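**Student:** Take a look at the following structure, please.
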Amino acid sequence: CLVSDSVKEVSFSKGDFLFSQDQPSCCVYVLTDGVAKIVSVTPDGREQIVGFASPEKLMVGLQSLSNENYADSAVAETRITACKIRKRSLLSAVTTDAKVAFRLIDALNAQLAMSRAMIRAGERQGAAAKIAAFLLLLLPPNKHDDRRHVLPVSRREIAGILGLSEETVCRQMADMR
């Protein structure tokens, strides 16, 4: 880590919040193990999943770099180990070290790519295509093999993300099996 004096390894259990929406922001997190879901509470009080983070995919809390508060919540979907990086130190390092700046750009690009992939998954024609595209997003990098993988989200959450009914998701996943 290029900001080593400002990094602390932390762990979270399934269901723990890394941070909550509207909470004052202090840190960003780089996951080294596990999966977190990024959740936003809509003005009408609904909880909407807007993304996922896993090792090598996203730096969690990046939106807070230019804001005083976290824009979303991050919740551990599995047991998580992460590097917690103080926001102030990261921003300071960006101004003095080009390597840190380029890594931050890479993290922002990864977040943008995940957002675009989630949008594309939801735009697919037909429920089966939407679900298949979304499930591929959840696979760990370079793990597209025949082994079984545990889904970090429920069928109800998949239905909410893709705008489908829970029954449709259950039926389509049973057919895919």
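The values are calculated or read from the model by the stated rules, or taken from the named source; none is laboratory data. None of these values were measured; they are calculated from a predicted model. Please note: Cβ atoms are built from the backbone with ideal geometry, for glycine as well, and neighbour counts cover all protein chains shown. Side chains are part of the model used for accessible areas, which takes the heavy atoms of the whole protein and leaves out ligands, DNA and RNA. Shrake-Rupley method; radii C 1.70, N 1.55, O 1.52, S 1.80 Å.
**Student:** Among the numbered criteria (1) under 11 Å from the mean Cα position of the chain (by Cα); (2) open to solvent by 40 Å² or more (accessible area, probe 1.4 Å), which single criterion is violated by residue 32?
**Tutor:** For residue 32, the exception is condition (1).
**Student:** Taking residue 93, is it in contact (Cβ under 8 Å) with a residue 12 or more places away in the chain, assigned to a helix (DSSP H, G or I) and either within 22 Å of residue 158 (Cα to Cα) or among the small types (Gly, Ala, Ser) (or both)?
**Tutor:** It is true that residue 93 is in contact (Cβ under 8 Å) with a residue 12 or more places away in the chain, assigned to a helix (DSSP H, G or I) and either within 22 Å of residue 158 (Cα to Cα) or among the small types (Gly, Ala, Ser) (or both).
**Student:** Please work out if residue 55 is under 12 Å from the mean Cα position of the chain (by Cα) and not in a strand (DSSP E or B).
**Tutor:** Here the answer is yes, as residue 55 does meet what is asked.
**Student:** Take the residues of the stretch 152-170 that are assigned to a helix (DSSP H, G or I) and exposed (fewer than 14 other Cβ atoms within 10 Å of the Cβ): which is nearest to the chain's Cα centre (by Cα)?
**Tutor:** Among those that are assigned to a helix (DSSP H, G or I) and exposed (fewer than 14 other Cβ atoms within 10 Å of the Cβ), it is 156.
**Student:** Would you check if residue 82 is in a helix (DSSP H, G or I) and either in contact with a Phe, Trp or Tyr (Cβ under 7 Å, 6 or more places away or on another chain) or closer than 17 Å to residue 138 by Cβ (or both)?
**Tutor:** no
**Student:** Same structure again: Of all residues in the stretch 59-71 being touching a helix residue (DSSP H, G or I) at 6+ places or on another chain (Cβ under 9 Å) and part of a loop (DSSP other than H, G, I, E, B), which is most open to solvent (accessible area, probe 1.4 Å)?
**Tutor:** 71
Residue-by-condition table, conditions (1) within 25 Å of residue 61 (Cα to Cα); (2) at pLDDT 85 or above:
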| position | (1), (2) |
| --- | --- |
| 86 | yes, yes |
| 89 | yes, yes |
| 125 | no, no |
| 153 | yes, no |
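**Student:** What's the number of the only condition in (1) in contact (Cβ under 8 Å) with a residue 24 or more places away in the chain; (2) over 15 Å from the mean Cα position of the chain (by Cα) that residue 20 fails to meet?
**Tutor:** Of the numbered conditions (1) in contact (Cβ under 8 Å) with a residue 24 or more places away in the chain; (2) over 15 Å from the mean Cα position of the chain (by Cα), the odd one out for residue 20 is (2).
**Student:** May I ask you to list pairs of residues, at least six apart or on different chains, whose Cβ atoms are under 6 Å apart, with the first in the stretch 146-166 being among the basic types (Lys, Arg) and the second being open to solvent by 40 Å² or more (accessible area, probe 1.4 Å)?
**Tutor:** Qualifying pairs under 6 Å: 155/166; 155/170; 156/166.
**Student:** Under 7 Å by Cβ, and 6 or more places apart or on different chains, what pairs join a residue from the stretch 42-58 that is open to solvent by 80 Å² or more (accessible area, probe 1.4 Å) with one that is at pLDDT below 80 and assigned to a loop (DSSP other than H, G, I, E, B)?
**Tutor:** Short answer, once both residue conditions are applied: 56/141.
**Student:** Exactly one condition in (1) surrounded by 18 or more Cβ atoms within 10 Å (Cβ to Cβ); (2) in contact (Cβ under 8 Å) with a residue 60 or more places away in the chain; (3) outside any helix (DSSP H, G or I) is not met by residue 111; state its number.
**Tutor:** (3)
**Student:** Shifting gears a bit: May I ask you to say which residue of 74, 93 is buried (at least 19 other Cβ atoms within 10 Å of the Cβ) and either of a type in the set (D, E, K, R) or at pLDDT 90 or above (or both)?
**Tutor:** Unique residue meeting the criteria: 74.
**Student:** Only one of 99, 8, 37 is surrounded by 14 or more Cβ atoms within 10 Å (Cβ to Cβ), of a type in the set (Lys, Arg) and not in a loop (DSSP other than H, G, I, E, B); which?
**Tutor:** Among 99, 8, 37, only 37 is surrounded by 14 or more Cβ atoms within 10 Å (Cβ to Cβ), of a type in the set (Lys, Arg) and not in a loop (DSSP other than H, G, I, E, B).
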